[in-house]
1. Suppose every K and R has +1 on its Cβ and every D and E has -1 on its Cβ; what is the size of the dipole of the chain about the Cα centre, in Debye to the nearest 20?
2. Find how much the distance from T279 to R185 grows on full extension, using 0.36 nm per residue of separation minus their present alpha carbon separation; answer in nm with one decimal.
3. To the nearest 20 Debye, how big is the dipole of the stretch 337-389 about its Cα centre, given +1 on the beta carbon of each Lys and Arg and -1 on that of each Asp and Glu?
4. Hey, got the Cα dimensions of the stretch 195-277 along the principal axes, in Å, largest first?
5. Between A99 and E136, what is the spin-label point distance in nm, taking each point 7 Å from the Cα along the Cα→C-beta axis?
6. May I ask you to list the aspartates and glutamates whose Cα is less than 12 Å away from that of K230, ignoring any residue fewer than eight positions away on the same chain?
7. If you take the charge dipole of the chain about its Cα centre, with +1 on Lys and Arg Cβ and -1 on Asp and Glu Cβ, which of F50, A243, L358 is farthest toward its positive end?
8. Run the quick spin-label model on E33 and V164: label points 7 Å from Cα toward the beta carbon, then report their separation in nm to one decimal.
Amino acid sequence: MDNDTIFAVASGAGRAAIAVLRLSGPAARNIVESVAGKLPNPRAAALTTFRDPATGGAIDKGLVMFFPAPKSFTGEDYAEFQIHGGRAVVAALIKATGAIAGTRPAEPGEFTRRALTNGKMDLAQVEGLADLIDAETEWQRRQALRQTEGVLGRQAANWRSALVEAAALLEAEIDFPEEEDVPGRAGHRAAKILAPVLAGLKAELAAGHANERLRDGVTIVIAGPPNAGKSTLLNALARRDVAIVSPFAGTTRDIIEIHLDISGCPVSLIDTAGLRESTDAVEQIGVFRAREKAKSADLILWLSEASAPVPPGVTGSEVWQVFTKSDLLLAKDSTSFDGDLSISAETGKNIDVLIKRLEDFARSRVSDGHAGLIARERHRKAFESAASALERVLANPEAPAELLAEDVRAAMFSLQRLTGVVDVEDILGEIFSRFCIGK
Ligand SMILES: Nc1nc2c(ncn2[C@@H]2O[C@H](COP(=O)(O)OP(=O)(O)OP(=O)(O)O)[C@@H](O)[C@H]2O)c(=O)[nH]1
Ligand SMILES: [Mg+2]
């Protein structure tokens with residue numbers, strides 16, 4: 001931990017109405033005094049004229065806030081300057097701030113890293129914060145916010161106290177074995193304490209995939225024969241002209257992926273080249289890519305014209321047949337298939353029904369962010385290793401107390417890794433490299 005005072009623009013890049021410069025570290029107080037005039041009341045905004053201390057010239061008028069340690073985001077002396085977001089204004093303020101001794105520009109995620117180091121948040125909360133900044137849909141936002149509030153850390157601490165109690169029983173057995181005592185008594189008592197913890201871990205593991213999935217969302221591939229209306233459906237769902245639509249078969253040759261927010265659930269919707277035998281080398285590549293994408297999709301919408309239905313030509317975990325251009329079918333007064341998933345992009349018929357079904361599908365695969373503790377693979381792995389250690393204890397409570405205690409310790413270690421109490425250096429680099437500067 002260095003003693004530098006770090007600063008960075010925390011608002012987005014480019015010109016804007018307002019920009020926020022934040023600073024943290026021992027020189028923050030001094031910087032506020034020399035750039036913003038005088039120190040405002042703690043945690044209250046004050047209007048001031050920002051000046052370059054070297055020349056005394058005014059830079060801009062704006063708001064200054066000062067948060068004395070330890071009651072601040074980072075736990076250090078911390079300040080925020082709100083100025084007009086013009087490039088020259090921001091550049092001048094950065095120049096004036098950076099010229100003061102003991103300051104330097106912050107590295108990505110460095111403010112949050114200091115908050116972690118100073119115990120302002122645990123590792124799971126830091127991850128939640130990163131997810132909150134990345135959240136694009138309502139469900140993602142909800143889950144990330146719960147994480148930042150520390151739900152995982154609190155539950156881990158509860159479980160941990162049960163583990164400590166069990167470990168104490170086992171340690172006592174190791175240190176003071178009583179000759180006349182029933183063998184395995186401590187083991188059985190420990191197992192009784194540990195059983196609810198194991199049940200809790202397992203319940204979270206069972207629900208965890210839906211939470212993990214929320215970060216990536218579900219992948220839906222639109223596939224089918226050429227000219228079926230695939231790109232037209234993509235455009236209809238996106239509500240904008242993303243893909244080229246034309247009456248010529250073989251229009252789409254590449255993969256076109258868009259990100260949709262279906263009622264809060266993040267969805268990747270992928271349009272593909274129409275599947276057919278082709279002699280055109282480029283189209284062949286497109287068809288190959290279409291098949292590859294379909295393989296890994298959560299859902300394939302297999303489109304073919306209602307007047308000329310084609311059975312699915314791809315296999316995947318879930319395939320729905322969608323019959324397109326139903327308006328033409330009615331025009332021809334045909335009596336063939338006209339079920340729910342017979343759609344018309346032309347008239348809009350059943351597009352709403354399709355969207356509703358997609359929403360239900362997404363809901364069945366992805367958590368809506370209201371519950372659950374496991375949000376990413378790292379959490380799941382820690383839960384899994386804690387659960388398997390506890391399973392060993394419960395499976396054989398009459399084993400020597402030394403062995404049982406070892407397993408309880410392993411479970412404890414896994415739970416501690418979750419919140420970053422132990423063994424965090426390798427995880428930290430990974431997490432903070434993804435943060436933006438100023439966070
Ligand atoms: N009448 C009618 N025409 C449609 C409908 N949907 C698509 N079309 C027309 O069908 C033609 C092919 O549509 P596309 O969306 O390009 O079909 P595609 O499946 O993407 O075709 P490829 O990219 O070549 O595989 C276009 O002329 C569309 O205007 C519909 O619901 N009704
Ligand atoms: Mg197309």
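The values are calculated or read from the model by the stated rules, or taken from the named source; none is laboratory data. These numbers were taken from a predicted model, which means no experiment stands behind them. In this analysis, Cβ positions are derived from the backbone assuming ideal geometry, glycine residues included, and neighbour counts consider all displayed protein chains. Note: accessible area is taken over every heavy atom of the protein model, side chains too, but ligands, DNA and RNA are not part of it. Shrake-Rupley method; radii C 1.70, N 1.55, O 1.52, S 1.80 Å.
1. 1740
2. 26.3 nm
3. In debye, rounded to 20, the stretch 337-389 gives about 440.
4. Dimensions of the stretch 195-277 along the principal axes of its Cα atoms: 64, 29, 16 Å.
5. Inter-label distance under the simple model: 4.3 nm.
6. Filter leaves D271, E305.
7. Farthest towards the positive end: F50.
8. Reported label-point gap for E33 and V164 is 4.2 nm.
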